[in-house]
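Since every read-out is calculated from the coordinates, none of them should be taken as a lab result. On a predicted model such as this, the values are computed, not experimentally measured, just so you know. Ideal geometry is used to build each Cβ from the backbone, glycine not excepted, and the neighbour counts take in all protein chains shown.
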Amino acid sequence: MEISIGATIGMCMGMICGILGLWFGRKKARKNRGLDELYSHIWQKTRSYSWYVTLGAIFVLFSLNVLGIELSSAMVLGILLFVHIGSWGIIGIILPINMSGTFPLPLSRVKFGIIVIATSIIVFTIMSIIANNWMFLLFSILPNLIGLFIALTANRKDSE
Amino acid sequence: MKNRIRELRKSKNITQEELSKQVGVSRQSIIAIESGKYNPSIELAYHISKSFNCTIEEVFIFEEGRM
């Protein structure tokens, strides 16, 4: 079995960077009394919501398998990791803003933004699987950013 | 659950930042509690009430049927 040195280094570096980012982030948050009960509440909710998104992705991947599309275990695990961590991060940005904003984000805009993000991830994931080229996933970045922008911004009329 | 934090804070001339320091939470938590988006734990509610020299019932108004 061939061992990819680059992938091994990338995985280790990714894990180290993630742990360091978490450690420094928590250190800074602790200074501002940020690790309080609202923090725990928000991140508990975020974990819960990201599992719903991951369940949706598992359902989509199972459906693709049933339709006869061959999926390697590395590809499936990669997509699930991407969907889980991605949804965790996005929801983790939206919830604190919505909680501590001086005005509530309009629910219709948040819902629309989430639909845009979820649709783009699912569509481009399917395209990348069908074309057998993961580069298609990069095309989902722009619609995801647009979805995020829609979800997080409120127009002036909403804020008054 | 409604609360009178903003009103009491204004009457005592305390900023959100000062109140958050007194009770040991972030300013974002005070904003979320003030705006009614987050209901604090009994412990935090006690600390907030204590900082205004009030009882919990004087600061937090429980609404029947909203659980």
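Overview of values
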item	result
Segment residue A:65-residue A:149, length gained on full extension (0.36 nm per residue, minus Cα span)	26.9 nm
Fewest-first sequence of A:19, A:79 by Cβ atoms within 10 Å of each Cβ	A:19, A:79
Translational diffusion coefficient (Stokes-Einstein; Kirkwood radius from C-alpha pairs) of chain A at 25 °C, 0.890 mPa s, in µm²/s	138
FRET E, pair residue A:95, residue A:115, Förster distance 22 Å, beta-carbon r, rounded to 0.05	0.80
Kyte-Doolittle mean at least 0.0 and Cα axial length at least 27 Å: DSSP H helices in chain A	A:5-31, A:37-66, A:73-100, A:107-131
log10 of Debye I(q)/I(0), alpha-carbon scatterers only, for chain B at 0.14, 0.23, 0.25 Å⁻¹	-0.35, -0.98, -1.17
Average beta carbon contacts from partner chains per residue of A:53-63, 10 Å cutoff	0
Distribution of pairwise C-alpha distances over segment A:41-110, 10 Å bins, in %	19, 39, 25, 13, 3
Cα-Cα over 19 Å, subset of B:2/B:37; A:45/A:111; A:31/B:37; A:31/B:50; A:111/B:2	A:31/B:37; A:31/B:50; A:111/B:2
Net charge over other residues, Cβ less than 14 angstrom from the Cβ of residue A:21 (K, R count +1; D, E count -1)	+3
Segment B:37-67: trypsin sites (Lys or Arg not before Pro) in DSSP coil with no more than 12 other Cβ atoms inside 10 Å	B:66
Sequence-separation-based contact order of segment B:14-55, relative, with Cα cut under 8 Å and 6+ spacing, percent	34
For A:36-44, mean number of other protein chain Cβ atoms within 10 Å	5
Estimated distance in nm for a label pair at residue B:13 and residue A:40, the labels positioned 7 Å out from Cα along Cα-to-Cβ	3.6
222 nm mean residue ellipticity, helices alone, for chain A (DSSP H n ≥ 4; -39,500 (n - 2.57); rounded to 500)	-27500 deg cm²/dmol
